[in-house]
Amino acid sequence: MTKVLVVDDEVSISSAVAYALRREGYTVETAGDGQEALERVESFHPDVMVLDVMMPRLSGYDVCRKLENRQRPAILLLTVKDDIVDKVLGLELGADDYMTKPFDMREIIARVKALSRRSRTVENVQQPASPQNEIRISGLVINLLNRTVHAEGKLLELTPKEFDLIALLARNPERVYSREALLEQVWDMDFAGGTRTVDIHVQRLRKKLGDLHDVIQTVYGIGYKSTESPA
């Protein structure tokens, strides 16, 4: 069963979201600030986290920063700000989706469902590699069951959306995907953050890929593709 952590310092909001998600069959816990959220991540191990940005002790951005190098849930940020700079900052810190308050409860449920479908489904148990669940391209080894990526033997710390993005591109080398197509196939919807979020996730991926960053190629005016690095 998918586990969701709802983090908001306004009890009325966290309680309402938690109630709606429980009715959808999710296992839900709540936290009232950023520090408590980090503690819940360690003990509850959520698949998805609905995370308010403006909170005492630690903000939602601070939580994202502190989760940067850990196994992390898919993150849906909530904020009262509707500024593109704030959206870009959240995405650059590793959030997977973004919603502005006030929100429709039906939409937040839809967003959580989309993120939970993409969240890590294998925990603790490593699956044997096989040609059916492993992709090799250049120096990358992508295990589709364990949702892991190794670059020249080094395990990369990727967010769920970063994994989904590199896996999709690597499945079809040289196929060009428009930004709109990537939004539809990786985010499962016409994501409110717009195509800018694709560019941000590609930038983050390239940084993590290090010397293998050229595996992801920009097709100017269209989108992206994966390609074998030259020998």
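The values are calculated or read from the model by the stated rules, or taken from the named source; none is laboratory data. Here the structure is a predicted model, which is why all the values come from computation and not from measurement. We place every Cβ from the backbone using ideal geometry, glycine too, and count neighbours over all the protein chains shown. The accessibility values were calculated without ligands, DNA or RNA, using every heavy atom of the protein model including side chains. Shrake-Rupley method; radii C 1.70, N 1.55, O 1.52, S 1.80 Å.
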Tally of residues being in a loop (DSSP other than H, G, I, E, B), crowded, with 18+ Cβ neighbours inside 10 Å and without any contact (Cβ under 8 Å) to a residue 40 or more places away in the chain across segment 34-57:
1
Conditions first: (1) modelled with pLDDT of 95 or more; (2) part of a loop (DSSP other than H, G, I, E, B). R22 passes all but one, so which condition is the exception?
(2)
What are the residues in segment 94-107 that are open to solvent by less than 20 Å² (accessible area, probe 1.4 Å) and not aromatic (F, W, Y), if any?
G94, A95, D96, D97, M99
If the requirement is being touching a His at 6+ places or on another chain (Cβ under 9 Å), open to solvent by less than 60 Å² (accessible area, probe 1.4 Å) and either at pLDDT 85 or above or part of a helix (DSSP H, G or I) (or both), which of these qualifies: L91, L115?
L91
What number of residues in segment 31-55 are touching a helix residue (DSSP H, G or I) at 6+ places or on another chain (Cβ under 8 Å) and farther than 19 Å from A95 by Cβ?
1
Look through V63, V28 and report the one residue that is outside any strand (DSSP E or B), in contact (Cβ under 8 Å) with a residue 12 or more places away in the chain and of a type in the set (V, I, T).
V63
Would you check which residues across segment 1-33 are surrounded by 16 or more Cβ atoms within 10 Å (Cβ to Cβ) and of a type in the set (G, A, S) and list them?
S14, A18, A20, A31, G32
Only residues that are of a type outside the set (V, I, T), in contact with a Gly (Cβ under 9 Å, 6 or more places away or on another chain) and at pLDDT 85 or above: list them for segment 66-81, please.
K66, L77, L78
Take the residues of segment 118-137 that are of a type in the set (V, I, T) and at pLDDT below 85: which is farthest from S12 (Cα to Cα)?
V125
Of the residues in segment 175-205, how many are in contact with a strand residue (DSSP E or B) (Cβ under 8 Å, 6 or more places away or on another chain), open to solvent by less than 10 Å² (accessible area, probe 1.4 Å) and either modelled with pLDDT of 85 or more or outside the structural domain of I216 (by the TED database) (or both)?
5
